[in-house]
Structure formats: structure tokens, C-alpha cells
Amino acid sequence: MQFIYIIYLLFLGIITLNVLYWVVFAVAGRLGKADDTDQLETPLFFRKIGVLIPAYKEDAVIVDSVTENLKQIYPADRFDLIIIADSFHPQTLSQLATLPVKVLPVSFEVSTVAKAINSALSRLPIGQYDILVVSDADNHMAPDFLSRINIAFAQGWKAVQGHRVAKNINTSVAILDAISEEINNHIFRKASRVVGLSSATIGSGMAFEPALMKAAMATQHTMGGYDKELETNIVLSGHKIGYLENAFIYDEKVAQRAVFENQRTRWIAAQWQFLTYYFWSGVRELFAGRFASGFKVMQALILPKILLLGLLIITVFISFLTGKQAVWQIPLILLVLQIASMIISVPAYLWKRVSIKELLLIPVLLLSFVRAMMNMRKAFKRFMHTPHNGSPDTQAP
């Protein structure tokens, strides 16, 4: 019995550390600001920007996305949309040829975003660009997105992450996925900057100084988590990543549970592979006194919010069965704190879309997440593509 209590206390200790992380960063995100400038003054110099758009079998959305992304208020001769086209239909390539964009066809035995980007970096005259932006094939940049990126680089930044928000909230799954992303924006991007750490990257809506990006992309170990490795290599090289809360880029959220599970399988596998390769690098950074870079690697140990929520609910239920107040009080308090941290991290416009239907769906998505964990080995050897169908835009900030 004593052994069981020791295991329980160790488990509770790990859960407590995770909850404290979420609570502290949730509060920090409310108290501080991101790295945006308050004024979008006309700059003296418009940096040449290359927007890399890796796209695998994205025939359904790419033309619409290109059309929307050409609507930048940034001077047309100072930015290029560069489509890295993997496995496109000939008719799609013909349509793209009529638009003012660059198309780089690629083909791989096993396709990944990292391979597509590295291929583009090796083929493009990188020296002609001052900034490289990465966007997903379904993403729509807000008209002032590149202008805000340019101003950030004028202030001295060499790596920044924009604010990715939902393009569609037309199903319950999409609403919850949008909420999940905004919680991550609040905790891992805005709050991280408030406390002096680098913003986390998210795979699109991010911008880099070309030489810095090329060096950080040179070594890739994970199948589907190139952005996490890119972020880590930049931080380990001594640079910080800023976060622009007002630089919006609109992303299609998954609308079905099956796609949600497939996407999370890829993400969980990527996080596991990332920890396998970088954990000891993070430990060495911490022991060397480089807390910012070491802690950035250690952030990968933080339990995903939906998994943490599920563990807390199960722990509270089992603790109640013991009938001992001292056993169930602590996990109950932790559960309340975790829920509170998530609530204050969600913007008001999304709360307006939440109904009992979405709340009842949370346990279902938790089960999908558990299945994704069990199936993560599928993502170790092949890239698990998330299909897009060009969902319509809805209300967003």
C-alpha cells in the first residue's frame, strides 16, 4: 500500500507542475503584451519578402489561397508567392502558371514539409530576399500581414511568429480546434514573450532572416515536426523569436473527428521524436546556465492540455472513490485551476460560438487523442497529410 501512495504522489507531483505551468503562463499572457508595434507607419524600406508555400496534393485550395494572398497592401514588386508544388494535377499547375507567382515542382519518395522547404531553399536565389515567410497551402494572410512582418524586421527581429487564427468555425470540431489553437497562442507564444522567452512557432505564419532559416533547417530529424526543430535550432543559436499578435493569418481548422485524430497522431509522433533528439541538448543548456534556450527544449515535456484535463478528471473520480478528503481535494483543486487557465486563454469571439454540443464533444475528442497516442508509430515513417477542402471564412479577429 505504501508503494501505491508513493506512485500516486509522484504522479500528482508531475501533474501539479504541469498545471502550475499552464496557470502561470495563462496569467502572464493576460498581464503583458506581444511584440507588435502600435503604429503601422510607412517604412522607408520595403524588404523583399519570399513567401514559401509548401503544398502536397492541395489542388482543392491552392488557387483560392494564392488569389487571396496576392491582396497584400505590401508593394507587389517587393514580395513573391513561391508555391512548392508536390504531386499537383497538371491542370492545377496550368492555372497557377496564369498567376503572378513562382512555382517550384518537387517530388519525393516520402514527402514531408521539411524536404519541400529545403528543396526550395537550395533552388531559390535566397540572396535576393531579405525575409522568408512560411505559409500553409490553405492559409490566407491578412492584407497587412507582410507589412507587419516588415516593420518587425525593421525593429531588429530576425525571426517572428504571426498570429494564426481559424478561417472556419463551421462545425463543432472546428470550433474546438480553433479554441485549442488560441489557447496555444496565448500560452506558448504571447505568454512566453511576456516572461522573456522565445515564442513557439506553429508551422505557418512565421518569418525568418534567410541565412538563419537555412542554417536552422539544415538538420531535420522528425517526420512531421520540422517547425519545432526549426524553432529550437534558432533558439539554440542564440536568437529569440518574437510574436506579432496583430499579424493575422487565417488557417483552415479540421472539421471532422477522423481528420482531428490523424492530425494529432502526426503531432504527437513529432513531439516524441523531437524529445528523443533534443532532450539532452536542453539539459546541457540548463546546466550551462543558458536558461532561455534550455527551457525552450524542456517545454516539449509539458502535457497537452486535453490529455492533462483527461488525467485530472480520471484522478478526481478515482480519488473520490477512496472516500478520503485529503486524497481527492488536491486533484480537484488542480482540475479547477487547469480549467480556469484554459478559460482565460480563450478570446471572447470564440466563447460566443460554444454551446452544450461542443462541451459534450470534448470527451469524444479526448478519446481520439488517446487513440492518436496509441497510433503514433504510424507517423514515424510516413508523413500523415491533413487534407483541406477550402472551408469558407467566418467571423474572426
Worksheet item: Simple spin-label model, 7 Å along Cα-to-Cβ: PHE279 to ASP130 in nm?
Response: 4.4 nm
Response to the item:
Pairs over 32 Å Cα to Cα, from LYS167/LYS214; LYS48/LYS352; LYS115/LYS305; LYS33/LYS71; LYS71/LYS228; LYS167/LYS296, come to LYS48/LYS352
Fill in: Taking the chain and dividing mean pair separation by its residue count, relative contact order in percent (alpha carbons under 8 Å, at least six apart)
23 percent
Fill in: For ILE84, residues with placed amide H under 5 Å, excluding near neighbours
ILE53, ALA55, LEU104
Discussion item. With an 8 Å Cα cut-off and a minimum separation of 6 or more residues, compute the relative contact order for the range 49-259 in percent.
Written reply: 27 percent
Practice prompt. Within 10 Å of each residue's Cβ, count the other Cβ atoms and sort SER87, SER122 from fewest upward.
Written response: SER122, SER87
Item to complete: Over the residues of the range 1-91, compute the C-alpha Rg and express it relative to 2.2 N^0.38 Å.
Response: 2.00
Practice prompt. Could you work out the Kirkwood radius for the range 49-259, taking every pair of different alpha carbons, averaging 1/r and inverting it, reported in Å?
Written response: 17.4 Å
Discussion item. I need the shape label for the range 92-184. Rule: rounded when a/c is under 1.5, else prolate if a/b > b/c, else oblate, with a, b, c from the alpha carbon gyration tensor.
Written reply: oblate
Worksheet, complete the sentence: Listed with the fewest Cβ neighbours within 10 Å leading, ARG148, ARG30 appear as ARG30, ARG148
Worksheet entry | Spin-label pair LYS71/SER122, simplified geometry with 7 Å Cα→Cβ offset, distance in nm | 3.7 nm
Worksheet item: Taking the Cα atoms only, what angle lies between the long axis of helix 356-374 and the longest principal axis of the chain, rounded to 10 degrees?
Response: 90 degrees
Worksheet entry | Within a Gaussian network of the chain (alpha carbon springs, distance under 10 Å), most fluctuating of PHE25, PHE320, PHE153 | PHE320
Worksheet, complete the sentence: Here the FRET efficiency for LEU359 versus GLN329, based on Cβ atoms and R0 = 22 Å and rounded to 0.05, is 0.35
Discussion item. Multiplying the sequence separation of GLN155 and ALA211 by 0.36 nm and subtracting their Cα-Cα distance, what value in nm do you get?
Written reply: 18.3 nm
Worksheet item: Rounded if a/c is under 1.5, else prolate if a/b beats b/c, else oblate: with a ≥ b ≥ c from the C-alpha gyration tensor eigenvalues square-rooted, which is the range 131-199?
Response: oblate
Worksheet item: Extension gain VAL370-ILE314, at 0.36 nm per residue separation less the Cα-Cα distance, in nm?
Response: 18.8 nm
Discussion item. Can you give me the angle between helix 2-31 and the longest principal axis of the chain, using Cα atoms only, in degrees from 0 to 90, rounded to the nearest 10?
Written reply: 40 degrees
Discussion item. Taking the number of other C-beta atoms within 10 Å as the exposure measure, put MET141, MET342, MET373 in order starting with the fewest.
Written reply: MET373, MET342, MET141
Item to complete: Could you work out how far helix 172-184 tilts from the main Cα principal axis of the chain, as a 0 to 90 degree angle to the nearest 10?
Response: 90 degrees
Worksheet item: If you take the beta carbon distance between ILE4 and THR98 as r and set R0 to 51 Å, what does 1/(1 + (r/R0)^6) give as a FRET efficiency, to the nearest 0.05?
Response: 0.15
Worksheet item: Can you give the % of DSSP beta bridges in the chain that are antiparallel, to the nearest 5?
Response: 25 percent
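Bear in mind these aren't lab numbers, they're just calculated from the coordinates by the rules spelled out. Note that the structure is predicted; figures quoted are calculated from it, not measured. Because the Cβ atoms are built from the backbone with ideal geometry, glycine has one as well, and the counts that use them run over all protein chains shown.
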